[in-house]
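Student: I have a structure here, written as structure tokens, and I will follow up with some questions on it.
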Amino acid sequence: MTTYTLPSGTTNLSRPVSWIHIGDTHITGPGDSSELALGQIVDEINDVYAPAGVDFVFLPGDIADNGSASAYRAARAHLDRLKVPWYAIVGDHDVHERSFANFQTYVFSTLHGAFTIGNYRFLRLNAFSEPRPDAFSVDAQQLRWLDEQLEQASARGMQAVLLLHCYPSDLKQGSAELSELLRRSPVLLIDMGHTHYNEISNDGDVLYCATRSTGQIEEGPVGYSVITIDRAVVSWNFVRLGSPALVAITHPADHRLLTTRTAAAPFSQRMAVSAKIWSPSPVKTARVLLRNKEVPLYPRDEVSWEGVVDTLGIPEGVHRLLVTAQNSTGTQLASDIWISLGDRLERDHSPIDQENAIGAWPERDILGTQLGPNKNGRKW
């Protein structure tokens, strides 16, 4: 088998796809701080994101801290209020009772599965093929299923996103086999929980995105991440609870998130810029600034804005691209990325996925502290 790379000339024929990741909730029962935070997050999603521009919500496992029915019922009461579809997978805390019964009764009847949005195949994986908290295993049967799914996606010209509780290298069974599948399959990114901290790793082919937990939190405030794939470009943003407005630059890519499978910003005279802008009140204007060139963005729908920047005279290299917006209350919103014009920057990569972390990115609430149960945090 040869290593999978994005076909030459591919710009991804699908519309942008966006989802919200609610980090490990670790709910112990009704009325605890995690349950209350989940309720507030659901309220924000329904008020700001559900009306337009978000396709689904994802929970990466560890929903119930002890796997109890009462904790799941408390979570489900809020999840049932979501105005967009939601998906969930099993985490190690979800099988503390050494059974899948409560998870399948109150959360999801299937432990792994797949769904399609646009040109992307989303694959829910179960990292606990045996219902034990210490299992961290993807068994041979599930790996065969995944291989078939990825082969079908590749044959259809689709790209894939894996929804997994942990880094593949954290698996005690199936890690090597999964890494081989990643090497030769059309996987753009793996969206994960478990770490308890925000982190993005880039191994040159695949992105690994972990979102801070909602319960048992050790670094920074509670929030949720918003992820978009736009023409094979991945954008990742973290929203702190209580500050729901967001400018997400969805195209081109920040240079830290470029891989062999994402679409690099072309070094040409005209560069397309796209953003999704969510706000509690309507957005009236948006603009993009690249060095000394500032141009307006124009609305495509309720949240999507587009424009073109003339890059003539801008040298090759890494440059700041800033998008600003103003809503109907006069509130100013902004976000920036650093784009690479010209050849993609080459980096050394470790064969161990989590050792390829891009480091701190304070503007995205990635603090680089790695305060969580599998690195520098407490042993939850």
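Student: Residue check: is D191 part of a strand (DSSP E or B) and either surrounded by 19 or more Cβ atoms within 10 Å (Cβ to Cβ) or out of contact with any strand residue (DSSP E or B) (no Cβ under 7 Å at 6 or more places or on another chain) (or both)?
Tutor: yes
Student: Here's something else I'd like to know. Being modelled with pLDDT under 90 and assigned to a loop (DSSP other than H, G, I, E, B) is the filter here, so list the residues in the range 348-369 that pass it.
Tutor: D348, H349, S350, P351, I352
Student: Next question. Taking the range 323-357 as the search range and keeping residues that are among the β-branched types (V, I, T) and in contact with a Leu (Cβ under 8 Å, 6 or more places away or on another chain), which one is nearest to T311 (Cα to Cα)?
Tutor: Selected residue: I339.
Student: Looking at (1) within 14 Å of the chain's Cα centre (by Cα); (2) charged (D, E, K, R); (3) in a helix (DSSP H, G or I), which is the only condition D147 fails?
Tutor: Answer for D147: the failing condition is (1).
Student: Out of E306, E302, E355, E346, which single residue is of a type in the set (D, E) and touching a Phe, Trp or Tyr at 6+ places or on another chain (Cβ under 7 Å)?
Tutor: Of E306, E302, E355, E346, the one residue that is of a type in the set (D, E) and touching a Phe, Trp or Tyr at 6+ places or on another chain (Cβ under 7 Å) is E306.
Student: Can you tell me which of T311, T260, T285 is surrounded by 15 or more Cβ atoms within 10 Å (Cβ to Cβ) and not hydrophobic (A, V, I, L, M, F, W, C)?
Tutor: T311
Student: Is it fair to say A160 is within 21 Å of T259 (Cα to Cα) and crowded, with 20+ Cβ neighbours inside 10 Å?
Tutor: yes
Student: Another question about this same structure. Need the failing condition index for V234 against (1) in contact (Cβ under 8 Å) with a residue 60 or more places away in the chain; (2) in contact with a Leu (Cβ under 9 Å, 6 or more places away or on another chain); (3) under 23 Å from D353 (Cα atoms), just the number.
Tutor: (1)
Each row is one residue, and each column tells you yes or no for (1) touching a residue at least 40 places away in the same chain (Cβ under 8 Å); (2) under 18 Å from E199 (Cβ atoms); (3) assigned by TED's automatic domain parsing to the domain that holds T211.
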site	(1), (2), (3)
R261	yes, no, no
K293	no, no, no
A325	yes, no, no
T331	yes, no, no
Q354	yes, yes, no
L367	yes, yes, no
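Student: Here's another thing I want to ask about it. Could you please give the count of residues in the range 118-153 that are more than 22 Å from L171 (Cα to Cα) and either in contact with a Cys (Cβ under 9 Å, 6 or more places away or on another chain) or surrounded by 18 or more Cβ atoms within 10 Å (Cβ to Cβ) (or both)?
Tutor: 4
Student: Now, a different point. State which residue is modelled with the highest pLDDT when the search covers only the range 322-346 and only residues that are surrounded by 13 or more Cβ atoms within 10 Å (Cβ to Cβ) and assigned to a loop (DSSP other than H, G, I, E, B).
Tutor: Within the range 322-346, the match that is modelled with the highest pLDDT is T331.
Student: Given L38, L59, which one is touching a helix residue (DSSP H, G or I) at 6+ places or on another chain (Cβ under 7 Å) and crowded, with 18+ Cβ neighbours inside 10 Å?
Tutor: Residue meeting the stated conditions: L38.
Student: Tell me, which strands (runs of 3 or more DSSP E) lie completely within the range 217-321 with 2 or more residues that are under 30 Å from T25 (Cα atoms)?
Tutor: 223-230, 233-240, 246-251, 270-278
Student: Within the range 164-183, is even one residue closer than 20 Å to V17 by Cα, modelled with pLDDT of 95 or more and outside any loop (DSSP other than H, G, I, E, B)?
Tutor: no
Student: Still on this structure, please answer the following. As an exercise: evaluate P252 against (1) over 26 Å from V318 (Cα atoms); (2) crowded, with 24+ Cβ neighbours inside 10 Å; (3) over 16 Å from the mean Cα position of the chain (by Cα) and give the number of the one condition it does not meet.
Tutor: Tallying (1) over 26 Å from V318 (Cα atoms); (2) crowded, with 24+ Cβ neighbours inside 10 Å; (3) over 16 Å from the mean Cα position of the chain (by Cα), P252 fails exactly one: (1).
Student: Criterion first (at pLDDT 95 or above and either closer than 20 Å to D203 by Cα or out of contact with any Leu (no Cβ under 8 Å at 6 or more places or on another chain) (or both)) does L111 satisfy it?
Tutor: The answer is yes for L111.
The values are calculated or read from the model by the stated rules, or taken from the named source; none is laboratory data. Not measured: the values here are computed from a predicted model. Here Cβ is always computed from backbone atoms with ideal geometry, including for glycine, and neighbour counts include all displayed protein chains.
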